[in-house]
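Chemist: Questions regarding the structure given below will be posed in turn.
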Amino acid sequence: MSVLNLIVVGYGGIGPRHCQSVDACIHTNLFAIIEASPTPERRHLAQSKFPNTCVFESIQECIDSGVQIDGAIVCTPNHTHFKVSKELIEAGINVLVEKPMCPGLQDAMELKLLAQKRGVKLLVGHHRRFNPFVVATKNNLPRLGQIVAFDAAWCLKKCDEYFEETDWRGKKSKGGGVIQINVVHDLDLLMYFLGPLEEVYATEVKKTRQSDDKEDAVEEGVILHLTFTNGVKGTMVVCDNVVAPNNFEMGTGENPLIPQVNQSNDGIFYRFFGTRGSLSVPDLTLYHQQGVENPGWWKNIKKETLGGELDGIPFALQIEHFARVIIGQEEPKCTANDGIRVMLAIEAVKESVATGLPAKVPPLTEVIPSTRVSSSRSARM
């Protein structure tokens, strides 16, 4: 594989982690970082960490350099994803856009169609699909038989600095809030595991954080009741203003800024219940009665800790995958269709919170009539 020139658009928040992954990958070269009106401090930080990388203030300035750009990673604030991604696609550059794919559904569909027209690869950055704990869960779910129910949690306490660092995180109008920033990950994974979502009933938790702009202040959490098209039902508790270890980051140690729990069973965030067994994540403990004659409540349950390779950095694995997709060696693991599907789920959550009623999640075929559900990798797996 030849070395591909990649650029990262946006150096705040998640941008530096993507830069590190691109720079470390033997198949990619971090040619440039795009940061509109960078502060002297941020420019110095970027150039000190990546001395062989250019820093431009616009995508056009980067294109005007004359260097072939093979792909771009969009790490700008949520409400800018559409504008930035569209400019890149129109320039014929393959795009990996951070979640959520776009601020709105119509924008997302426009990006999908534009990428098809331009012959450009468009991937959505649900990087947790590459996490070794997720891979192990996906591979072992068939051992549960028919999955009937699940419960899930994403609970922790975000510090004040998180919101002070960049104000859009605390504003609904700019795509902030736990639903669009955090729940989007879990809804993507739950659909990756269980198939399409059919209905959502969501109620908002009590707000305890002070805000100067109550009208535009983001939610602090929701309680979700989820129904999937295959009949699986489950609940999820979400809150970003409580002290708790039950969240993906603390359970898996994925984010280096968030301490991992000492024991993986302290940070359990998913439990799946099936006719032949149950599985908790991230401790990857399987409870079953395989090999037991006439299994049932009068017989002992076996406890098995699943083995397997749990090393690997999801962002690095995602970049390697992006490079292989660009040169045609692999199909995208998270397509525009997958990005749109989780956006539909998020919209249903917001609708249910606003109305106090259950909200249907429309099938992808109703939103994009020419799209067959089987074309989505997540629907097949």
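Chemist: Consider a paramagnetic label point 7 Å from the Cα of Thr208 along Cα→Cβ; state which residues of region 229-252 have an amide N under 15 Å from it.
Modeler: In region 229-252, the label zone of Thr208 (backbone N under 15 Å from the point 7 Å along Cα→Cβ) covers 238-246.
Chemist: Also, I was wondering about something else. Between Asp64 and Leu105, what's the calculated FRET efficiency when r is the beta-carbon distance and R0 is 25 Å? Round to 0.05. Don't skip to the answer; put the middle values down first.
Modeler: Working: r = 33 Å, r/R0 = 1.33.
That pair, Asp64 with Leu105, gives E of 0.15.
Chemist: Given a 1.4 Å probe, how much area per residue of the chain is accessible, in Å²?
Modeler: 47
Chemist: Pop a pseudo-label 7 angstrom from the Cα along the beta-carbon direction at both Glu215 and Ala149 and give the gap in nm to one decimal.
Modeler: Calculated label separation equals 4.3 nm.
Chemist: Oh, and also: Nothing charged except the Cβ atoms of Lys and Arg (+1) and of Asp and Glu (-1): what's the magnitude of the dipole of the chain about its Cα centre? Round to the nearest 20 debye.
Modeler: With only Lys, Arg, Asp and Glu charged at Cβ, the dipole is about 1100 debye.
Chemist: Please list the three semi-axes, largest first and in whole Å, of the ellipsoid equivalent to region 27-95, using sqrt of 5 times the eigenvalues of its alpha carbon gyration tensor.
Modeler: Over the Cα atoms of region 27-95, the semi-axes work out to 19, 15, 11 Å.
Chemist: Going 7 Å from the Cα of Glu165 toward and past its Cβ, which residues in region 5-48 have a backbone nitrogen under 13 Å from where you end up?
Modeler: Of the residues in region 5-48, 11-18 have backbone N under 13 Å from the label point off Glu165.
Chemist: Here's another thing I want to ask about it. At 1.4 Å probe size, with the rest of the protein present, what percent of the exposed accessible area of the chain is carbon and sulfur atoms?
Modeler: Details: 9080 of 17750 Å².
Its accessible area is 51 percent carbon and sulfur atoms.
Chemist: Kindly rank 252-263, 339-350 from highest to lowest mean number of other beta carbons found within 10 Å of each residue.
Modeler: Descending mean neighbour count gives 339-350, 252-263.
Chemist: I would also like to ask the following. Expressed as an acute angle from 0 to 90° and rounded to the nearest 10, what is the orientation of the C-alpha long axis of helix 15-24 relative to the principal long axis of the chain?
Modeler: Helix 15-24 sits at roughly 80 degrees to that axis.
Chemist: Right, another one. Using +1 at the Cβ of each Lys and Arg and -1 at the Cβ of each Asp and Glu in the chain, identify which of Leu114, Ala153, Gly274 lies farthest towards the dipole's positive end.
Modeler: Projecting each Cα onto the dipole axis, the largest value belongs to Gly274.
Chemist: In the full protein assembly as shown, how much of Arg129 is accessible to a 1.4 Å probe, in Å² to the nearest 10?
Modeler: 10
Chemist: How far, in degrees from 0 to 90, does helix 105-118 lean away from the longest principal axis of the Cα atoms of the chain, to the nearest 10?
Modeler: 60
Chemist: State to the nearest 20 debye the size of the charge dipole of region 4-124 about its Cα centre, where the only charges are +1 on K and R beta carbons and -1 on D and E beta carbons.
Modeler: Value, rounded to 20: 300 debye.
Chemist: So, one more: With charges set only on the Cβ (+1 for Lys and Arg, -1 for Asp and Glu), what does the dipole of region 234-381 come to about its Cα centre, in debye to the nearest 20?
Modeler: On the way: 13 positive and 16 negative charges, 118 e Å.
Computed charge dipole of region 234-381: roughly 560 debye.
Chemist: Per-residue HN-Hα couplings for region 277-285, Karplus 6.51 cos²θ - 1.76 cosθ + 1.60 at θ = phi - 60°, whole Hz, x for Gly and Pro?
Modeler: x, 9, 9, 10, 10, x, 6, 6, 9
Chemist: Share of Cα-Cα pairs in region 229-294 beyond 20 Å, in percent?
Modeler: 42
Chemist: Say the dipole of region 4-124 comes from +1 at the beta carbon of Lys and Arg and -1 at that of Asp and Glu; which of Ser21, Ile7, Pro51 then lies farthest toward its positive end?
Modeler: About the Cα centre, the residue reaching furthest to the positive side is Ser21.
Chemist: Moving to a separate point now. I'd like the Kirkwood hydrodynamic radius of region 4-124, using the inverse of the mean 1/r over distinct C-alpha pairs, in Å.
Modeler: Evaluated on region 4-124, it is 14.3 Å.
Chemist: If packing is taken as the average count of other Cβ atoms within 10 Å, what order do 325-332, 36-43, 169-176 fall into, highest mean first? Mind showing how you got there, number by number?
Modeler: On the way: 325-332: 14.1, 36-43: 12.0, 169-176: 18.8.
Highest mean packing first, the order is 169-176, 325-332, 36-43.
Chemist: Another question, if that's okay. Check which residues have an amide H placed less than 5 Å from Val55's amide H, if you skip close sequence neighbours.
Modeler: Ile33
The values are calculated or read from the model by the stated rules, or taken from the named source; none is laboratory data. Keep in mind it's a predicted model, so treat the numbers as computed, not measured. Every residue, glycine among them, receives a Cβ derived from its backbone with ideal geometry; neighbour counts consider all protein chains shown. Calculation scope for accessible area: heavy atoms of the full protein, side chains included, ligands and nucleic acids excluded. Shrake-Rupley method; radii C 1.70, N 1.55, O 1.52, S 1.80 Å.
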